[in-house]
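Below you'll find the structure, written out as structure tokens, and then a few comments.
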Amino acid sequence: MVLLVGITLVAFVVTHLVPGDPAAANLGQRAIGDPAAVQAFRHEYGLDRPLPVQYLLYLKSLLHGNLGISEQSHRPVLTDLAQYVPATIELALFAIVLSMAIGVGLGILAAVCRDRWPDQVIRVISLGGVSMPIFWVALVAFYLLFFKLGWLPGGGRLDPAQNSPIHLTGMFTIDAAVHGQWTLFWSALRHLVLPGLVLAIFTVGMLTRFTRASMLEIMGNDYVRAARLKGLPEHIVVLRHVLRPALISIITVAGVAFGNLLSGTVLVENIFSWPGVGQYAYHSAINLDLPAIMGVSLFVALVYIVVNLIVDLLYGVIDPRIRLS
Amino acid sequence: MTVSARAPLDPSAAAAVDSARRRRLRPETPLPWRRPLALAGLSVIGAWLVIAIFAPLIAPQNPLLQKFAILAAPSGAHWFGTDELGRDVFSRVLYGARITLPLAVVLVVAAMIIGAVLGGVAGYFGGWVDNVIMRLADLVFAFPGIILALAIAAALGPQLRNAVIAVVVVSWPSYARLVRSLVLSARSAQYVVASRLLGASGPRILLTDVRPNAAGPVLVLAALDIGNAILLLSGLSFLGLGAQPPTAEWGSMVAEGAQNFNDWWVGMFPGLAILTVVLAFNFIGDTLRDMLDPRTARAVRV
């Protein structure tokens, strides 16, 4: 709660104290020349009041579930967000599952083969992953896999001729699967692969490095040596005695990684014309659409809180001692 | 680079004895050769530094000159082809180093100083000062970097200078957290208590007693962070919020490539330039972290 209020305050201060003029960014050329129009615009969006009053008014309407009206789309910010959020969540979930699977797998392999060639190769791969400019990877992947080879669709969530599946969650793959619309499901999944892969590259590198490090830290413990000495097969030692305790810190990092994925969506969604919050954030930022920026900030804060909650719950699943206390 | 490479290597007595013993057993390989990744990273950075300094001598063309065939594929005359305005991409990539490398250093040094001062103050004085500073750091941490940077850069106006400010605002909290934790652990150390008993003031203790002990981990974090700073800055430029045309900046050059994705060379080479620089810094940072004292390495890791 404190975080939510804090985030709104930071976003508010950042967007309001800086010298950009929303009226200039959102009114047409002719309207700017007309003082009355500018005045009307400022009055309509409450920009003519003192800043603390503006902030308190914003909080007050927030309590009523009103995030204000977007200055660009002229629709309530909440409606805009409701439209864009599912697309971004779908993309980010796909990417985090992908990067958990690949990253943790590579990390285990690297830790088991410590200092031998697989470890070195994986090290270079993971460092490469965190060093790639995501917008450039997106472009290269787009050029190769869509433009040259035509293996995957290049943008959007469905083929242009297709209608979205019956609305349930707004995540097309899930909606289509639930309603048995399998052609749509297949199409939505194919559209998800390219942006999802690109988005996952950074977090794969991050999770690989971290998995290796925390596995190695735990392998140094006496109880691991004891497990080996009593003759347990190596894969049981690695998976049950080393991976499980290591997972505690791995999922902590995965939570941080999810935040990174959200950053990535701003760039990736723009390139793959994925109609999500990333694109919305970009357009509201360059147009200084203050209510929309605040709305995106709130969404981000909410995601942060939910992710932390999930991570905390997972601690209990992994480690029974945490569950008991 | 030499300073940061040496700091974590402080020869403790045990290590000296150990390495002396080993030297008797077999001829010692020089340190850099035992760290091939760091060596590779250092040489790549070195090469880019040379390019940045001597760009006017190396580059075959003026990076802003628009007199060649438009969007010509790479050839003997234009190694990396030409862009949509008929400029030589190879020359533009070389000149791009003059923007990215100095700015990366400025960014990281600024974030490091701000973060270290705030973190030091928070850790040393504790109480409400600590609370205010660290809650602020948490808030910035909770924001996905690029969204906050995007808002700041957009609000200040699309300019390279404003993009730099935005990146600094986003990146100081990790330094603040690290320095705070280092100060907290040093605060009760004997040498700090002794210094305080001798009548040293707070700032004096922080600067003369704590700073040398915190420098190693902070520099390692900086080496690891510099790559991220470059990625974020070029990302902002890619979105049109950083360097403005006709400046030859790698991120905005990739954006031009996105406009002409049919002509792959326009965006491919500047992107490779970013990749090599960031990768080289990450090689160095990763190696430094491995060499760091494990107790402090834990704080730097996340």
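The values are calculated or read from the model by the stated rules, or taken from the named source; none is laboratory data. Given the structure is predicted, the values throughout are model-derived calculations rather than measurements. Neighbour counts are summed over all protein chains in view; Cβ atoms, including those assigned to glycine, are modelled from backbone coordinates with ideal geometry. With ligands, DNA and RNA removed, areas are computed over all heavy atoms of the protein, side chains included. Shrake-Rupley method; radii C 1.70, N 1.55, O 1.52, S 1.80 Å.
Kindly evaluate residue B:104 against the criterion of being more than 26 Å from residue B:223 (Cα to Cα), within 14 Å of another protein chain (Cβ to nearest Cβ) and touching a residue at least 60 places away in the same chain (Cβ under 8 Å). It is false that residue B:104 is more than 26 Å from residue B:223 (Cα to Cα), within 14 Å of another protein chain (Cβ to nearest Cβ) and touching a residue at least 60 places away in the same chain (Cβ under 8 Å).
Just one of A:49, A:30, A:42 is surrounded by fewer than 17 Cβ atoms within 10 Å (Cβ to Cβ), modelled with pLDDT under 75 and part of a loop (DSSP other than H, G, I, E, B); which is it? Steps first, answer last, please.
Numbers: A:30 fails: part of a loop (DSSP other than H, G, I, E, B); A:42 fails: part of a loop (DSSP other than H, G, I, E, B).
None of the others qualify; the one that does is A:49.
Residue count for the stretch A:126-162, restricted to those that are crowded, with 17+ Cβ neighbours inside 10 Å, in a loop (DSSP other than H, G, I, E, B) and of a type in the set (Gly, Ala, Ser): 1. Taking the stated definitions as given, is residue A:263 surrounded by 24 or more Cβ atoms within 10 Å (Cβ to Cβ), of a type in the set (S, T, N, Q), touching a residue at least 24 places away in the same chain (Cβ under 8 Å) and at the interface with chain B (Cβ under 10 Å from one of its Cβ atoms)? Here the answer is no, as residue A:263 does not meet what is asked.
Checking the stated criteria, residue A:111 turns out not to satisfy the condition of being farther than 30 Å from residue A:208 by Cα and part of a helix (DSSP H, G or I). Screening residue A:313 with (1) within 11 Å of chain B (Cβ to nearest Cβ); (2) surrounded by fewer than 21 Cβ atoms within 10 Å (Cβ to Cβ) gives one miss only, at (1).
Only residues that are assigned to a helix (DSSP H, G or I) and not acidic (Asp, Glu) were counted in the stretch A:163-200, giving 25.
Yes/no per residue for (1) modelled with pLDDT of 90 or more; (2) open to solvent by 30 Å² or more (accessible area, probe 1.4 Å); (3) of a type outside the set (S, T, N, Q):
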{"position": "A:270", "(1), (2), (3)": "no, yes, no"}
{"position": "A:286", "(1), (2), (3)": "no, yes, yes"}
{"position": "A:289", "(1), (2), (3)": "no, no, yes"}
{"position": "A:300", "(1), (2), (3)": "no, no, yes"}
{"position": "A:322", "(1), (2), (3)": "no, yes, yes"}
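A residue that is facing another protein chain (nearest Cβ under 10 Å), farther than 21 Å from residue A:137 by Cβ and either free of Cβ contacts under 8 Å to residues at least 24 places away in the same chain or among the charged types (D, E, K, R) (or both) occurs somewhere in the stretch B:269-289. Looking across the stretch A:240-260, the residues that are of a type in the set (Val, Ile, Thr) and either closer than 15 Å to residue A:99 by Cα or within 12 Å of chain B (Cβ to nearest Cβ) (or both) come down to A:250, A:251, A:252, A:253, A:256.
The single condition among (1) part of a helix (DSSP H, G or I); (2) modelled with pLDDT of 60 or more; (3) exposed (fewer than 13 other Cβ atoms within 10 Å of the Cβ); (4) of a type in the set (A, V, I, L, M, F, W, C) that residue B:99 does not meet is (3). Taken over the stretch B:74-91, the criterion of being among the aliphatic types (A, V, I, L, M) and either modelled with pLDDT under 75 or in contact with an Asp or Glu (Cβ under 6 Å, 6 or more places away or on another chain) (or both) is satisfied by B:77, B:89. If the condition is being among the hydrophobic types (A, V, I, L, M, F, W, C) and open to solvent by 10 Å² or more (accessible area, probe 1.4 Å), then the stretch A:184-199 contributes A:184, A:185, A:186, A:189, A:193, A:197.
Condition check: of a type in the set (S, T, N, Q), out of contact with any Pro (no Cβ under 6 Å at 6 or more places or on another chain) and without any contact (Cβ under 8 Å) to a residue 40 or more places away in the chain. Does residue A:99 satisfy that? No: the conditions fail for residue A:99. The residue list A:285, A:281, A:301 contains one member that is at the interface with chain B (Cβ under 9 Å from one of its Cβ atoms), without any contact (Cβ under 8 Å) to a residue 12 or more places away in the chain and over 14 Å from residue A:134 (Cβ atoms), which is A:285.
Being within 16 Å of residue A:112 (Cα to Cα), aliphatic (A, V, I, L, M), more than 14 Å from every other protein chain (Cβ to nearest Cβ) and open to solvent by less than 40 Å² (accessible area, probe 1.4 Å): is that true of residue A:237 here? In short, yes. Taken over the stretch B:143-156, residues that are open to solvent by less than 20 Å² (accessible area, probe 1.4 Å) and over 12 Å from residue A:263 (Cβ atoms) amount to 5. Pairs linking a residue in the stretch B:43-66 that is surrounded by 14 or more Cβ atoms within 10 Å (Cβ to Cβ) to a residue that is polar (S, T, N, Q), with Cβ atoms under 8 Å and 6 or more positions apart or on different chains, are B:44/B:276; B:48/B:276; B:59/B:91; B:61/B:91; B:62/B:91; B:63/B:91.
In the set (1) surrounded by fewer than 17 Cβ atoms within 10 Å (Cβ to Cβ); (2) assigned to a helix (DSSP H, G or I), residue A:74 fails one condition alone, (2). Sub-6 Å Cβ pairs linking a first residue in the stretch B:115-142 that is more than 14 Å from chain A (Cβ to nearest Cβ) and assigned to a helix (DSSP H, G or I) to a second residue that is β-branched (Val, Ile, Thr) and surrounded by fewer than 17 Cβ atoms within 10 Å (Cβ to Cβ), at least 6 apart or interchain, number zero.
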